[in-house]
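Take a look at the structure below.
The values are calculated or read from the model by the stated rules, or taken from the named source; none is laboratory data. Keep in mind that this is a model prediction, so the values were computed, not measured. In this analysis, Cβ positions are derived from the backbone assuming ideal geometry, glycine residues included, and neighbour counts consider all displayed protein chains.
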Amino acid sequence: MMELQTENFPVVCVGGSAGGLDAYTRLLQRMPADMGVAIVIVNHLRTVSTLLHEILPRFTTMPVELITDQLRLEPNHVYIIPENRDLHLLDGEFRLMPISKPRGWPDVITVFLKSLTEHWHGKLIAVIVSGYDGDGAAAMCAIRSVGGTTIAQRLDTAIQPDMPASAIESGCVDFILSPEDIAIKIASMVRQPHSGEVIAGAALPAKLLKNEDY
(Lines give C-alpha, C1' and ligand atoms only; values in the text may rest on other atoms or scores of the structure.)
Protein backbone atom coordinates (compact mmCIF):
# COMPACT_ATOMS: atom_id res chain seq x y z
CA MET A 1 0.00 0.00 0.00
CA MET A 2 2.86 2.35 0.81
CA GLU A 3 4.18 1.71 -2.69
CA LEU A 4 1.03 3.00 -4.34
CA GLN A 5 1.09 6.22 -2.32
CA THR A 6 4.59 7.10 -3.50
CA GLU A 7 3.89 6.41 -7.17
CA ASN A 8 1.62 9.38 -7.71
CA PHE A 9 3.78 11.77 -9.76
CA PRO A 10 3.70 11.91 -13.56
CA VAL A 11 6.24 10.04 -15.67
CA VAL A 12 7.11 11.38 -19.11
CA CYS A 13 8.81 8.89 -21.43
CA VAL A 14 10.49 10.54 -24.42
CA GLY A 15 11.49 8.02 -27.07
CA GLY A 16 13.69 8.77 -30.07
CA SER A 17 16.82 7.87 -32.00
CA ALA A 18 18.35 9.58 -35.06
CA GLY A 19 17.85 13.32 -34.72
CA GLY A 20 16.48 12.82 -31.23
CA LEU A 21 19.11 15.01 -29.59
CA ASP A 22 17.71 18.06 -31.34
CA ALA A 23 14.24 17.26 -29.97
CA TYR A 24 15.47 16.43 -26.45
CA THR A 25 17.36 19.71 -26.11
CA ARG A 26 14.53 21.83 -27.50
CA LEU A 27 12.04 20.14 -25.18
CA LEU A 28 14.19 20.36 -22.04
CA GLN A 29 15.00 24.02 -22.63
CA ARG A 30 11.28 24.81 -22.37
CA MET A 31 10.48 22.38 -19.56
CA PRO A 32 10.21 23.92 -16.06
CA ALA A 33 12.54 22.09 -13.69
CA ASP A 34 10.18 21.92 -10.72
CA MET A 35 6.96 20.49 -12.17
CA GLY A 36 7.13 17.32 -10.10
CA VAL A 37 7.53 14.98 -13.10
CA ALA A 38 10.15 12.36 -13.91
CA ILE A 39 11.45 12.42 -17.49
CA VAL A 40 12.83 9.18 -18.92
CA ILE A 41 14.64 9.48 -22.25
CA VAL A 42 14.70 6.17 -24.10
CA ASN A 43 17.07 6.54 -27.03
CA HIS A 44 17.57 3.26 -28.81
CA LEU A 45 21.27 2.42 -29.06
CA ARG A 46 22.65 -1.07 -29.32
CA THR A 47 26.44 -0.96 -29.05
CA VAL A 48 27.55 2.69 -28.94
CA SER A 49 27.76 4.16 -25.44
CA THR A 50 25.33 6.99 -24.86
CA LEU A 51 26.60 10.51 -24.12
CA LEU A 52 23.21 12.02 -23.36
CA HIS A 53 23.85 12.14 -19.61
CA GLU A 54 26.88 14.32 -20.36
CA ILE A 55 25.26 16.54 -23.00
CA LEU A 56 21.77 17.23 -21.63
CA PRO A 57 22.74 18.92 -18.32
CA ARG A 58 23.58 21.96 -20.49
CA PHE A 59 19.87 22.32 -21.23
CA THR A 60 18.15 21.76 -17.88
CA THR A 61 18.75 22.37 -14.20
CA MET A 62 17.19 19.01 -13.36
CA PRO A 63 19.67 16.27 -12.42
CA VAL A 64 20.40 14.06 -15.44
CA GLU A 65 21.28 10.47 -14.56
CA LEU A 66 22.34 7.45 -16.56
CA ILE A 67 20.06 4.64 -15.39
CA THR A 68 21.53 1.83 -13.34
CA ASP A 69 19.73 -1.29 -12.17
CA GLN A 70 17.42 -0.70 -9.18
CA LEU A 71 17.78 3.10 -9.39
CA ARG A 72 14.68 4.62 -7.84
CA LEU A 73 12.49 6.89 -9.94
CA GLU A 74 12.14 10.40 -8.50
CA PRO A 75 10.33 13.55 -9.69
CA ASN A 76 12.24 16.53 -11.11
CA HIS A 77 14.92 14.24 -12.57
CA VAL A 78 15.88 13.28 -16.12
CA TYR A 79 16.87 9.65 -16.66
CA ILE A 80 18.77 8.21 -19.63
CA ILE A 81 18.63 4.57 -20.76
CA PRO A 82 22.07 2.95 -21.26
CA GLU A 83 22.93 1.26 -24.54
CA ASN A 84 22.08 -2.36 -25.34
CA ARG A 85 19.54 -2.80 -22.55
CA ASP A 86 15.79 -3.18 -22.26
CA LEU A 87 14.32 -0.97 -19.57
CA HIS A 88 11.53 -1.95 -17.20
CA LEU A 89 10.00 -0.46 -14.07
CA LEU A 90 9.13 -2.51 -10.97
CA ASP A 91 8.23 -1.31 -7.47
CA GLY A 92 9.21 2.24 -8.39
CA GLU A 93 12.71 1.20 -9.50
CA PHE A 94 14.32 0.78 -12.90
CA ARG A 95 15.23 -2.72 -13.98
CA LEU A 96 17.76 -3.24 -16.77
CA MET A 97 17.55 -6.45 -18.79
CA PRO A 98 19.47 -7.88 -21.78
CA ILE A 99 18.02 -6.42 -24.94
CA SER A 100 15.23 -8.68 -26.18
CA LYS A 101 15.65 -7.81 -29.86
CA PRO A 102 19.39 -8.09 -30.62
CA ARG A 103 18.94 -7.88 -34.40
CA GLY A 104 17.10 -5.36 -36.54
CA TRP A 105 15.75 -2.12 -35.13
CA PRO A 106 15.50 -2.14 -31.33
CA ASP A 107 12.10 -1.88 -29.64
CA VAL A 108 13.32 -0.56 -26.30
CA ILE A 109 10.81 2.32 -26.32
CA THR A 110 7.88 -0.04 -26.77
CA VAL A 111 9.22 -2.34 -24.05
CA PHE A 112 9.54 0.46 -21.50
CA LEU A 113 6.18 2.04 -22.30
CA LYS A 114 4.40 -1.28 -21.87
CA SER A 115 6.21 -1.80 -18.56
CA LEU A 116 4.94 1.58 -17.40
CA THR A 117 1.35 0.63 -18.20
CA GLU A 118 1.70 -2.44 -15.97
CA HIS A 119 3.74 -1.10 -13.07
CA TRP A 120 3.24 2.64 -12.65
CA HIS A 121 0.23 4.12 -10.86
CA GLY A 122 0.78 7.81 -11.57
CA LYS A 123 0.01 9.78 -14.71
CA LEU A 124 1.76 8.60 -17.88
CA ILE A 125 2.79 10.75 -20.83
CA ALA A 126 4.42 9.08 -23.84
CA VAL A 127 6.30 11.27 -26.31
CA ILE A 128 7.78 10.01 -29.59
CA VAL A 129 10.29 12.26 -31.37
CA SER A 130 12.71 12.07 -34.27
CA GLY A 131 14.10 8.65 -35.17
CA TYR A 132 14.27 5.84 -37.69
CA ASP A 133 11.80 2.94 -37.83
CA GLY A 134 8.70 2.77 -35.63
CA ASP A 135 9.81 1.98 -32.07
CA GLY A 136 7.19 3.08 -29.56
CA ALA A 137 4.23 3.05 -31.95
CA ALA A 138 3.06 -0.37 -30.75
CA ALA A 139 2.62 0.97 -27.22
CA MET A 140 0.65 4.14 -27.98
CA CYS A 141 -2.76 2.50 -27.65
CA ALA A 142 -1.68 0.72 -24.46
CA ILE A 143 -0.72 4.06 -22.89
CA ARG A 144 -4.10 5.53 -23.80
CA SER A 145 -5.94 2.45 -22.50
CA VAL A 146 -4.66 3.15 -18.97
CA GLY A 147 -5.58 6.82 -19.13
CA GLY A 148 -2.22 8.11 -20.30
CA THR A 149 -1.53 10.81 -22.88
CA THR A 150 0.35 10.27 -26.13
CA ILE A 151 2.26 12.90 -28.08
CA ALA A 152 4.20 12.74 -31.35
CA GLN A 153 6.64 15.31 -32.66
CA ARG A 154 5.28 17.32 -35.57
CA LEU A 155 6.85 15.78 -38.65
CA ASP A 156 8.08 19.01 -40.20
CA THR A 157 10.06 19.74 -37.03
CA ALA A 158 11.76 16.32 -36.87
CA ILE A 159 15.18 15.64 -38.40
CA GLN A 160 14.09 12.05 -39.05
CA PRO A 161 10.26 11.75 -39.10
CA ASP A 162 9.90 7.94 -39.39
CA MET A 163 9.37 7.29 -35.69
CA PRO A 164 6.77 10.01 -34.97
CA ALA A 165 5.04 9.16 -38.26
CA SER A 166 4.69 5.54 -37.16
CA ALA A 167 3.27 6.67 -33.82
CA ILE A 168 0.72 8.86 -35.59
CA GLU A 169 -0.24 5.98 -37.89
CA SER A 170 -1.14 3.90 -34.82
CA GLY A 171 -4.25 6.06 -34.49
CA CYS A 172 -3.57 6.49 -30.78
CA VAL A 173 -1.75 9.84 -30.64
CA ASP A 174 -3.49 12.65 -28.75
CA PHE A 175 -1.29 15.58 -29.78
CA ILE A 176 1.12 16.31 -32.65
CA LEU A 177 3.40 19.17 -31.63
CA SER A 178 6.84 20.72 -32.01
CA PRO A 179 9.31 19.97 -29.17
CA GLU A 180 8.76 23.44 -27.70
CA ASP A 181 4.99 22.97 -27.74
CA ILE A 182 5.34 19.49 -26.26
CA ALA A 183 7.02 21.06 -23.23
CA ILE A 184 4.25 23.65 -22.94
CA LYS A 185 1.57 20.96 -23.23
CA ILE A 186 3.16 18.79 -20.54
CA ALA A 187 3.45 21.78 -18.19
CA SER A 188 -0.21 22.63 -18.69
CA MET A 189 -1.28 19.02 -18.14
CA VAL A 190 0.47 18.49 -14.82
CA ARG A 191 -0.96 21.77 -13.50
CA GLN A 192 1.45 22.29 -10.68
CA PRO A 193 2.98 25.64 -9.65
CA HIS A 194 6.37 26.15 -11.23
CA SER A 195 8.88 28.89 -11.83
CA GLY A 196 8.61 28.85 -15.60
CA GLU A 197 12.41 28.97 -15.81
CA VAL A 198 13.80 28.42 -19.28
CA ILE A 199 17.36 27.18 -19.77
CA ALA A 200 19.16 28.87 -22.65
CA GLY A 201 21.60 26.00 -23.13
CA ALA A 202 24.67 25.81 -25.31
CA ALA A 203 24.54 25.48 -29.07
CA LEU A 204 25.41 22.03 -30.39
CA PRO A 205 27.17 21.27 -33.68
CA ALA A 206 24.81 20.33 -36.50
CA LYS A 207 26.72 17.06 -37.03
CA LEU A 208 26.03 16.03 -33.43
CA LEU A 209 22.35 16.93 -33.66
CA LYS A 210 21.88 14.63 -36.65
CA ASN A 211 23.84 11.72 -35.25
CA GLU A 212 21.97 8.85 -33.59
CA ASP A 213 25.11 7.56 -31.86
CA TYR A 214 25.14 9.55 -28.62
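Remarks
- Pick from segment 56-75, criterion surrounded by fewer than 17 Cβ atoms within 10 Å (Cβ to Cβ) and in contact (Cβ under 8 Å) with a residue 40 or more places away in the chain, ranking: nearest to Ile39 (Cα to Cα): Thr61
- Filter pass, Ile81 being touching a residue at least 12 places away in the same chain (Cβ under 8 Å), in contact with a Leu (Cβ under 6 Å, 6 or more places away or on another chain) and closer than 24 Å to Gln29 by Cβ: yes
- Scan of segment 48-97 for residues that are more than 19 Å from His119 (Cα to Cα) and touching a Lys or Arg at 6+ places or on another chain (Cβ under 9 Å), ordered by number: Phe59, Glu83, Asn84
- The set of residues in segment 140-176 being out of contact with any strand residue (DSSP E or B) (no Cβ under 7 Å at 6 or more places or on another chain), crowded, with 19+ Cβ neighbours inside 10 Å and closer than 18 Å to Leu89 by Cβ consists of Ala142 alone.
- When segment 105-114 is limited to residues that are of a type outside the set (A, V, I, L, M, F, W, C) and modelled with pLDDT of 95 or more, the one that is surrounded by the fewest Cβ atoms within 10 Å (Cβ to Cβ) turns out to be Lys114.
- Test: residue in segment 94-104 that is at pLDDT 95 or above, over 13 Å from the mean Cα position of the chain (by Cα) and buried (at least 19 other Cβ atoms within 10 Å of the Cβ): yes
- Note on segment 41-80: residues that are part of a loop (DSSP other than H, G, I, E, B) and modelled with pLDDT of 95 or more total 13.
- Only a single item in (1) assigned to a helix (DSSP H, G or I); (2) within 16 Å of the chain's Cα centre (by Cα); (3) closer than 25 Å to His121 by Cβ is not met by Ser188, and it is number (2).
- Residue match in segment 90-106 (condition: outside any loop (DSSP other than H, G, I, E, B), among the hydrophobic types (A, V, I, L, M, F, W, C) and under 20 Å from Ala18 (Cα atoms)): no
- Residue match in segment 115-128 (condition: surrounded by fewer than 21 Cβ atoms within 10 Å (Cβ to Cβ) and under 14 Å from Gly16 (Cβ atoms)): no
- The residue pairs whose first member lies in segment 155-167 and is in contact (Cβ under 8 Å) with a residue 12 or more places away in the chain, whose second member is outside any helix (DSSP H, G or I) and among the polar types (S, T, N, Q), and whose beta carbons are closer than 6 Å, counting only pairs six or more residues apart or on different chains, are Thr157/Ser178; Ala158/Ser130; Ile159/Ser130; Gln160/Ser130; Pro164/Gln153.
- All positions within segment 116-130 that are in a helix (DSSP H, G or I) and more than 16 Å from Tyr79 (Cα to Cα): Thr117, Glu118, His119
- Single match in Ala152, Ala139 (criterion: of a type in the set (A, V, I, L, M), within 16 Å of the chain's Cα centre (by Cα) and within 25 Å of Asn8 (Cβ to Cβ)): Ala139
- Checklist (1) closer than 29 Å to Pro32 by Cβ; (2) of a type outside the set (Lys, Arg); (3) in a loop (DSSP other than H, G, I, E, B) applied to Asp133, failing item: (1)
- For segment 160-200, a residue qualifies if it is at pLDDT below 95 and within 17 Å of Ile143 (Cα to Cα), and the qualifying residues are Met189, Val190.
- Condition check for Val129: of a type in the set (A, V, I, L, M) and in contact (Cβ under 8 Å) with a residue 40 or more places away in the chain: yes
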